[in-house]
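The values are calculated or read from the model by the stated rules, or taken from the named source; none is laboratory data. On a predicted model such as this, the values are computed, not experimentally measured, just so you know. Note: ideal-geometry Cβ built from the backbone for every residue, glycine included; neighbour counts use all protein chains shown.
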Amino acid sequence: MNTILLILHLLGFGAAFAASLANNVVMIVAAKASPEDAAGLRRFPPVMIRAADIGLALLWITGPVLLWTKYNGAEGLATLPWSFEAKIICVVLLTIVLGMIHMTLGKIRRGDMSVAARLPVFGRIGLGLLLLVVIFAAMTFD
């Protein structure tokens, strides 16, 4: 069972990371594209954000279950190093950033284009947090 949970957990991370990286690349390309091409490219990020949503949901579902089953509940959690807490902080911050992306996209859909410049910033922050999650996970579970 733990193997299946770990596979789902890693797939969730992969989906979130791929979506974040893809959106950052698309935003860079769209910024340099012709207006017509940029309009077409801007249809891509909302689809990828859905993949990030699914990936993050998988992380939040499988992570606590894995910790509980693999590390003997709260007793085992107390033995994890500081890097685990840092990893969880990054995941919480990532969740907040994804929420801010959704709020920004909602404003854009309602016609408020003044907030569009926030998306690349949120994208870079999200990608950075995902990298930190990997670093702290490797330190924790090495």
Do we have any residue at all in the stretch 51-62 that's charged (D, E, K, R), under 10 Å from the mean Cα position of the chain (by Cα) and either at pLDDT below 95 or surrounded by 13 or more Cβ atoms within 10 Å (Cβ to Cβ) (or both)? yes
If only one of Pro120, Pro46 is farther than 21 Å from Gly14 by Cβ, under 16 Å from the mean Cα position of the chain (by Cα) and not hydrophobic (A, V, I, L, M, F, W, C), which one is it? Pro120
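If a residue counts only when it is of a type in the set (Gly, Ala, Ser) and touching a helix residue (DSSP H, G or I) at 6+ places or on another chain (Cβ under 8 Å), which helices (runs of 4 or more DSSP H) contained entirely in the stretch 1-85 have at least 3 such residues? Give the derivation first.
Numbers: elements: 2-32, 35-41, 44-70, 73-77.
Output list reads 2-32, 44-70.
When you check Thr69 against the structure, is it modelled with pLDDT under 95, more than 16 Å from Thr140 (Cα to Cα), over 12 Å from the mean Cα position of the chain (by Cα) and among the β-branched types (Val, Ile, Thr), yes or no?
Working: modelled with pLDDT under 95: yes; more than 16 Å from Thr140 (Cα to Cα): yes; over 12 Å from the mean Cα position of the chain (by Cα): yes; among the β-branched types (Val, Ile, Thr): yes.
The answer is yes for Thr69.
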Checking Ala30, Ala39 in turn, the sole residue that is among the aliphatic types (A, V, I, L, M), loosely packed, with under 15 Cβ neighbours inside 10 Å, at pLDDT below 90 and farther than 30 Å from Ile88 by Cβ turns out to be Ala39
Which of (1) buried (at least 16 other Cβ atoms within 10 Å of the Cβ); (2) at pLDDT 95 or above does Val92 not meet, given it meets every other one? (1)
Anything in the stretch 123-142 that is surrounded by fewer than 17 Cβ atoms within 10 Å (Cβ to Cβ) and either within 17 Å of Arg42 (Cα to Cα) or among the small types (Gly, Ala, Ser) (or both)? List them, or say none. Arg124, Gly128, Ala138
Test of understanding: among Ile108, Ile101, which residue is of a type in the set (Val, Ile, Thr), more than 17 Å from the chain's Cα centre (by Cα) and surrounded by 15 or more Cβ atoms within 10 Å (Cβ to Cβ)? Ile108
